[in-house]
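These notes concern the structure reproduced below.
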Amino acid sequence: MKNKTNLPKWFNGTIYDKGDTVTNPFSGEEYKLTNLELSMYDFIMGLNYVFEILGQASEKHISEHQKALSWFRRHNSKAYMVLLD
């Protein structure tokens, strides 16, 4: 498993050993992500799911979601535009 040095200290999601290709469910576009990008992507999508199910979010979750999106946008802006924008 890669170390956590490229992920922020606040990140508390799963860190994957390998990257994978992710498909945007709306456009069908695909993008290959590194293990760290995939870890952050799944963290973001997990928070999206929590927001949708609960219909609300805590300040902590909102803050983490915004920080996660910013991290992803800085580290792979092309994938961000395809998968999360």
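The values are calculated or read from the model by the stated rules, or taken from the named source; none is laboratory data. Model, not experiment: these values are computed from the prediction. Here the Cβ is made from the backbone with ideal geometry for all residues, glycine too, and neighbour counts use every protein chain on show. Note: accessible area is taken over every heavy atom of the protein model, side chains too, but ligands, DNA and RNA are not part of it. Shrake-Rupley method; radii C 1.70, N 1.55, O 1.52, S 1.80 Å.
Side notes on the structure shown:
- Pairs linking a residue in the stretch 44-55 that is at negative phi to a residue that is open to solvent by 50 Å² or more (accessible area, probe 1.4 Å), with Cβ atoms under 7 Å and 6 or more positions apart or on different chains, are LEU47/HIS61; VAL50/HIS61.
- Among the candidates MET40, MET45, residue that is crowded, with 17+ Cβ neighbours inside 10 Å, within 10 Å of the chain's Cα centre (by Cα) and part of a helix (DSSP H, G or I): MET40
- Residues of the stretch 38-75 that are under 14 Å from ASN12 (Cα atoms) and charged (D, E, K, R): ASP42, LYS60, GLU64, LYS67.
- Near pairs, Cβ below 6 angstrom, 6+ apart or cross-chain, from the stretch 6-17 (at negative phi) to any residue that is open to solvent by less than 30 Å² (accessible area, probe 1.4 Å) and of a type in the set (Gly, Ala, Ser): GLY13/SER39; ILE15/SER39; TYR16/SER39
- Positions within the stretch 54-74 being modelled with pLDDT of 95 or more, open to solvent by 70 Å² or more (accessible area, probe 1.4 Å) and out of contact with any Pro (no Cβ under 8 Å at 6 or more places or on another chain), in sequence order: GLN66, ARG73, ARG74
- Per the listing PRO8, PRO25, the residue uniquely outside any helix (DSSP H, G or I), open to solvent by 40 Å² or more (accessible area, probe 1.4 Å) and not basic (Lys, Arg) is PRO25.
- Extreme residue, surrounded by the fewest Cβ atoms within 10 Å (Cβ to Cβ), among residues of the stretch 76-85 that are in contact (Cβ under 8 Å) with a residue 40 or more places away in the chain and not small (Gly, Ala, Ser): LYS78
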